[in-house]
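Comments concern the structure below.
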Amino acid sequence: MPLILTEEQTMLQEAADGFLNDNAPIAHFRALRDSHDADGVSRDLWRAFGEMGFAGVIIPEAHGGLGLGAVEAGVIAESLGRTLTPSPFMGSAILSAKVLTDGGSEAQQTWLPKIAAGEAILALAVDEGAKHAPSRINARAERAGNGFKLNGAKGFVLDGHVADALIVAAKADEGTTLFLVDPKAAGVEIERTIMVDGHNAARITLSDVAVDADAVIGEVGGGEALLDAALTLGRACAASSLTGAGDQAFKVTLEYLRTRKQFGKLIGEFQALQHRAAHLFTELELSRAAALGALQAIDAGRDDAALAASIAKAKAGRVAELAVQEAVQMHGGVGMTDEFDVGLFMKRVRVLNELLGDAGFHAERLAQAQGF
């Protein structure tokens, strides 16, 4: 399949870019950050996401969504990377919506239409340590009466502090199981953690949290497959966001090269900087192709989709890091000041690199797949 967007996907890209540039530019992020907003996200903006159809991009039409695919989700994720917009899109519209769509539980009827309309925020709670490690879940789910009691702690839960519902991964006797948990339930403690890039996550502690059997998403012990599919989609979309952030930092830098003068010449005329810019351009194109290839593999249901997503995440992470480093260096000392946006992109890329596994995590996955 050609690594280019279709006409309809290009139209979606233009719509997403236009909407975010008009309604949630970098100034929107700065306003939330500088005002010390209690939520760190705009509910009004999230409802507008629903009105535009962005929040329900992968949600089936039967549940109020657009019923589109992974490529379309990646298109929106890339646009979010360009504007640094704090949004529940990844946690709600991608990770949680994918789990609920595949899980086939009654929770679909309740939550998918609300996510699609931008009326609800959901959060997926998986990781427990400093690094992404979905295979090492220690949270326990022990049978109690007609349900379960949950115990454990989760970290790096995207927008968990404002979530209307949590999807928690825990170990039952039968294996990994996903539970829908009310964040206001007895025994649930949530602490907001503002990340280095100004975006939001939360730490969640579960102490004898009682849930009934209906809280199980899918089947008891069947959570691993649901989790793998959601994380694969999330990684490919994170690669798109990394590409968007890196590409926007590159564009800002190109504009600076065209206007900044030194020694009586535009610095963009210096051959050394031209070579570095040309190299970065080619790397960004490779990153975009890797992300799009992974998204297409997911839509096609290919067996290697998970590995393609790992390749895309690792490649996009390294390229975006190169892009923001070059941006700061080419701006000189001012690149480290808050007045210039390139420093904000550097921080965002750092967080996105850790989200759902850094380059080292995915390189190890690929090595294991090859038998090394």
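The values are calculated or read from the model by the stated rules, or taken from the named source; none is laboratory data. Quantities reported herein were computed from a predicted structural model and do not represent experimental measurements. Every residue, glycine among them, receives a Cβ derived from its backbone with ideal geometry; neighbour counts consider all protein chains shown. For accessibility, only protein heavy atoms count, side chains too; no ligands or nucleic acids. Shrake-Rupley method; radii C 1.70, N 1.55, O 1.52, S 1.80 Å.
Couple of notes before you dig in:
- GNM flexibility winner over the chain from Leu112, Leu257, Leu352 (Cα, springs under 10 Å): Leu257
- Here the chain carries DSSP beta bridges of which approximately 85% are antiparallel, counting only pairs with both residues inside.
- Pairs of alpha carbons in the chain whose separation is greater than 29 Å (percent): 40
- Most mobile of Ala238, Ala215, Ala291 in a GNM of the chain (Cα contacts under 10 Å): Ala215
- Under Stokes-Einstein, with the Kirkwood radius over Cα pairs as Rh, the value for segment 224-369 at 10 °C and 1.306 mPa s is 100 µm²/s.
- In the chain, the portion of solvent-accessible area held by carbon and sulfur atoms comes to 51 percent [1.4 Å probe, whole percent, DNA, RNA and ligands not counted].
- Tilt relative to the chain, helix 223-259 - C-alpha long axis, 0 to 90 degrees, to 10: 20
- The chain: most fluctuating residue of Arg30, Arg318, Arg82 per GNM, C-alpha cutoff 10 Å: Arg30
- By the Stokes-Einstein formula, at 0.890 mPa s and 25 °C, segment 257-302 with its Kirkwood radius over alpha-carbon pairs has D equal to 190 µm²/s.
- Here segment 183-247 is treated with +1 on each Lys and Arg Cβ and -1 on each Asp and Glu Cβ, and its dipole about the Cα centre works out to around 260 debye.
- Rolling a 1.4 Å probe over the protein heavy atoms gives the chain an accessible area of 43 Å² per residue.
- Partners of Lys149 within straight-line reach, counting lysines whose Cα lies under 20 Å from its Cα and excluding those fewer than 8 residues away in the same chain: Lys171, Lys184.
- In the chain, the DSSP-assigned H stretches of four residues or longer account for a calculated mean residue ellipticity at 222 nm of -16500 deg cm²/dmol, using -39500 (n - 2.57) per stretch and the full residue count as denominator.
- For the peptides 322-328, 22-28, 196-202, the ranking by mean Cβ contacts within 10 Å, running from highest to lowest, is 322-328, 196-202, 22-28.
- Reachable lysines, given that their alpha-carbon falls under 23 Å from the alpha-carbon of Lys313 and they are not under 8 places away in the same chain: Lys98, Lys131, Lys154, Lys251, Lys347
- Residues with amide H under 5 Å from that of Thr176, placed H, sequence gap 5 or more: Gly223, Glu224
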